[in-house]
1. Filter the range 324-363 down to residues that are among the hydroxyl-bearing types (Ser, Thr, Tyr) and in a helix (DSSP H, G or I) and give me whichever is nearest to the chain's Cα centre (by Cα).
2. In the range 321-344, which residue that is at pLDDT below 90 and small (Gly, Ala, Ser) is surrounded by the fewest Cβ atoms within 10 Å (Cβ to Cβ)?
3. Condition first: of a type in the set (Ser, Thr, Tyr) and either outside any helix (DSSP H, G or I) or outside the structural domain of Ser375 (by TED's automatic domain parsing) (or both). Now tell me which residues in the range 420-439 satisfy that.
4. Is the range 390-400 home to any residue that is surrounded by fewer than 24 Cβ atoms within 10 Å (Cβ to Cβ) and under 29 Å from Tyr174 (Cα atoms)?
5. For the range 64-108, what are the residues that are touching a Phe, Trp or Tyr at 6+ places or on another chain (Cβ under 7 Å) and at positive phi?
6. In the range 30-47, which residue that is modelled with pLDDT under 85 and in a helix (DSSP H, G or I) is surrounded by the fewest Cβ atoms within 10 Å (Cβ to Cβ)?
7. Checking Thr189 against (1) touching a Cys at 6+ places or on another chain (Cβ under 9 Å); (2) within 30 Å of His238 (Cα to Cα); (3) buried (at least 24 other Cβ atoms within 10 Å of the Cβ), only one condition comes out false. Which one?
8. In the range 356-380, which residue that is surrounded by fewer than 23 Cβ atoms within 10 Å (Cβ to Cβ) and among the β-branched types (Val, Ile, Thr) is nearest to Val344 (Cα to Cα)?
Amino acid sequence: MHEEENGAVLSTKQLLARLVLLLLISVGIGFSGKLFGVFTEKQVVATSVFLAIILGTLFFWTFRLSIAFLGLTVLIFTHCLDIEHFVASAELPVILFLVGMMIVVGALRDLGFFTWVVQALISIPNMTGRKFIAATAIASALLACAVDEVTSIIFIATLIFQVCNRLKLNPTPYIIICVLCTNIGSAGTMMGNPVGIFIGTKAGLTFGDFFTWAFPIMLASLGSCVVVCLMWYRKELHLFDERLKDRMERQLSLVPKVVVPYRRGLAVLLLTLGFIASHHALEEFFHLGKNSILLVAPLACSGIVMLFKRDRARHYVEHEVDWWTLLFFMLLFAIAGTLEHTKVTQVIADGFVNLCGDKPAILIPSIMATTALGSAFVDNVIFVAAFSPVITALGETMPSMPLWWALLFGACFGGNITLIGSTANIVAIGMLEKQSHSHISFFQWLKIGALSAFVAMLIAWGLLSLMAPHMPH
């Protein structure tokens, strides 16, 4: 349970006691490395601080930024990190990319683009339960690819609540299905999930690389998720068909249709996607560094948006940009970079090779499974930030691109395993409880979430293994 839910009933004394316990666990694990002769003193400090971030995110969600501030202070005072390495590790280009995308998404919301998508979905002729699920699932995934997973689920969930309210159905199964597909879809491009742009930057991957290698695997995994969900919820879909048939016989529409002037919003989205997609060719033409245009493309597009929507410009920057989360990401990246700076990640990489060997055929499923299990309980950005230097180290002796994709799919697909596995899950559950007063139990989600994630990762593993020999080194 996140601290937002129980923080109000914790006294200051109880909170301090739990924070001390967190500190003791983190330091204890870090010092165990010293006792076994694995870590140096600086490696102990770097590991302890990073573990505190992980545990703090898991058990003290509200205070994760406070813990990150304190952890950074400890690293500076113990000479594990200096300002130069902090700036280099904070991934400021990634942060600025996310700022630009958040502003563009805010403009798309203002321009009615998402409302137009919803209207298009409910206008499908000869609607059935299976058609409705397939359409909303695919739309969830593709929207996550184009904007981000949270924005996608907010608008698709709104449609589901409207339809289920008209048909007097429990929206829970349909919300779960769309969240599962949203998380899978977020692995298709750099924009779907913060880990996508982070991995793209660290690995030097372009938008074209994602579209060539990640997007087809995402589509295959998405298809498996839709099939699994259609079978799992077949009784609910049969009831959907019965209620829909009854409503249509009375010549009643599912939801009121509204004419939406969507063209400007669509133009903004296409401009942004086109700019991002063409970044590699533009970088070569203008003799710029790799991914330099990729990282500023959203900023350029958001700058244009703010010129034309100047009355809303300040609102976009102050309210559409999630500064709290971005600041946490920046500190997290810097603290994870300390693991690389103190060579903790080299120790972990050597341990991986000793345990799993140096064959990609074994490392791919090992990395995917480890990241998926971690991402099921803790923010996937944390695990990606911790693992990326490990893969960089592994890439010195073997082809690294398949390992980067394994990290991406494990982080995104693993979010489906539990109801706290991704931000999209938490947002959707909150909307469900508010709109329909329905509650999803941990095991209710776990059964379908773990099954769909397992099948999706099996497909991703198989396709990655087939494609790995053809990937550039």
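1. Thr325
2. Applying the filter and picking the extreme gives Gly337.
3. Passing the criteria: Ser422, Ser438.
4. Checked the range 390-400: no residue is surrounded by fewer than 24 Cβ atoms within 10 Å (Cβ to Cβ) and under 29 Å from Tyr174 (Cα atoms).
5. Residue satisfying the conditions is Glu91 alone.
6. Leu35
7. (2)
8. The selected residue is Thr370.
The values are calculated or read from the model by the stated rules, or taken from the named source; none is laboratory data. Predicted, not measured: the structure shown is a model, and the values here were computed from it. Cβ atoms come from the backbone with ideal geometry, glycine included; neighbour counts cover every protein chain shown.
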